[in-house]
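In what follows, a structure is listed as structure tokens, so that the remarks can point back to it.
The values are calculated or read from the model by the stated rules, or taken from the named source; none is laboratory data. Computed from a predicted structure; not experimentally measured. Using ideal geometry, Cβ is built from the backbone for each residue, glycine included, and neighbour counts are taken over all protein chains shown.
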Amino acid sequence: MVGESIKNVEFSPEVALGFEIKSLDYVHAHPSYFRGVRMARFYQVIWIEQGEATFMVDFEQVRLRSGEMLIIVPDRSYTFDTESQYTGKLMIFTRLFLNQTPSIEQLVNSSILLNPLLPHPVVAVERDIFAHYLAVLDSELKREDSVTHQRIVHRMLEIILLAAERTMRETSNDVLNQTDLPLRYRFCNEVEKHFRQHRSVEFYCQQIGMNDKALNRAVKQSVGKSAKAYIDDRVILEAKRLLSYGDSSVKEIAYTLGFSDDSNFYKFFFKHTSLTPLAFRRQYR
């Protein structure tokens with residue numbers, strides 16, 4: 001089962017395979033454990049069979065309805081819905097579990113659903129078929145004596161992810177634009193590597209080899225916001241993460257994020273959130 005840390009959640013070493021399916025009834029049975037902002041070091045696939053639920057992923061509301069699925073990739077902050085009435089399943093698995101099979105590793109590298117640089121999309125899946133897949137997979141997890149056990153679990157997870165990936169590519173034109181993906185990945189990767197030190201569009205223009213007008217136009221078409229807005233949003237997201245589940249002082253966070261002093265960080269954070277860093281921290285403590 002999931003480790004018992006409240007904030008940073010590790011996958012339990014007792015689950016040797018690195019893969020587990022749990023009923024979402026477990027959330028309702030342990031509401032105090034699931035309250036508050038958390039960060040997991042593993043993948044989570046949340047599927048709602050009946051009812052509706054609202055989760056928070058990186059401080060944005062994500063609404064799930066009956067028959068819909070959400071994947072939370074590792075190292076994203078999230079909050080479970082402990083109040084709404086819903087049923088379903090939670091699949092959890094580690095990076096190592098995925099990387100043990102070349103075909104799934106290839107899927108991860110090209111996936112919309114599993115890409116940490118893309119939004120956290122909601123996918124509508126065929127409920128009866130998905131329930132069948134999960135039931136068969138759950139049954140296989142109990143057959144640990146089989147020498148082919150791990151390979152079968154890998155194959156079945158791959159089928160589930162491929163089916164969801166196909167649905168996502170067929171129905172979500174706003175999330176996927178094939179002509180924009182290479183630039184989107186490159187820009188987002190560069191921001192991910194450098195946002196703590198560099199917040200100017202000019203820096204990323206140099207990294208990518210485009211002028212600022214061309215980069216802004218391409219990022220706007222692909223991501224839906226300007227390059228500067230994307231960079232600032234990434235800094236704010238990291239600030240929110242550090243404020244909500246870390247013990248660092250505001251001054252230490254400001255230094256970590258490349259601000260010359262904490263007053264500049266205060267101004268930057270308030271401009272983008274209408275809250276001071278301490279006021280935001282109090283909401284999640």
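Scan segment 86-137 for residues that are in a loop (DSSP other than H, G, I, E, B) and among the aliphatic types (A, V, I, L, M) and the total you get is 6. For segment 239-261, name all the residues that are in contact with an Asp or Glu (Cβ under 6 Å, 6 or more places away or on another chain) and either more than 20 Å from S200 (Cβ to Cβ) or acidic (D, E) (or both). Correct list: V250, K251. Tally time: how many residues in segment 262-283 are among the hydroxyl-bearing types (S, T, Y) and surrounded by 15 or more Cβ atoms within 10 Å (Cβ to Cβ)? Here the count works out to 2. From the set of residues in segment 172-188 that are in a helix (DSSP H, G or I) and surrounded by 13 or more Cβ atoms within 10 Å (Cβ to Cβ), which is modelled with the lowest pLDDT? Among those residues, the one meeting the criterion is L181. For segment 85-110, a tally of residues being surrounded by 15 or more Cβ atoms within 10 Å (Cβ to Cβ) and within 22 Å of R63 (Cβ to Cβ) returns 7. Residues of segment 29-40 that are at negative phi and touching a helix residue (DSSP H, G or I) at 6+ places or on another chain (Cβ under 9 Å): Y33, F34, V37, R38, M39.
Note on segment 262-285: residues that are under 23 Å from V201 (Cβ atoms) and of a type outside the set (F, W, Y) amount to 5.
Per the listing Y78, Y86, Y43, the residue uniquely of a type outside the set (D, E, K, R), touching an Asp or Glu at 6+ places or on another chain (Cβ under 7 Å) and not assigned by TED's automatic domain parsing to the domain that holds L242 is Y86. One residue stands out in segment 202-233 among those that are within 21 Å of K271 (Cβ to Cβ) and surrounded by 17 or more Cβ atoms within 10 Å (Cβ to Cβ): the one that is modelled with the lowest pLDDT, namely V223. In the set (1) closer than 29 Å to L90 by Cα; (2) at pLDDT 85 or above, the condition left unmet by Q197 is number (1).
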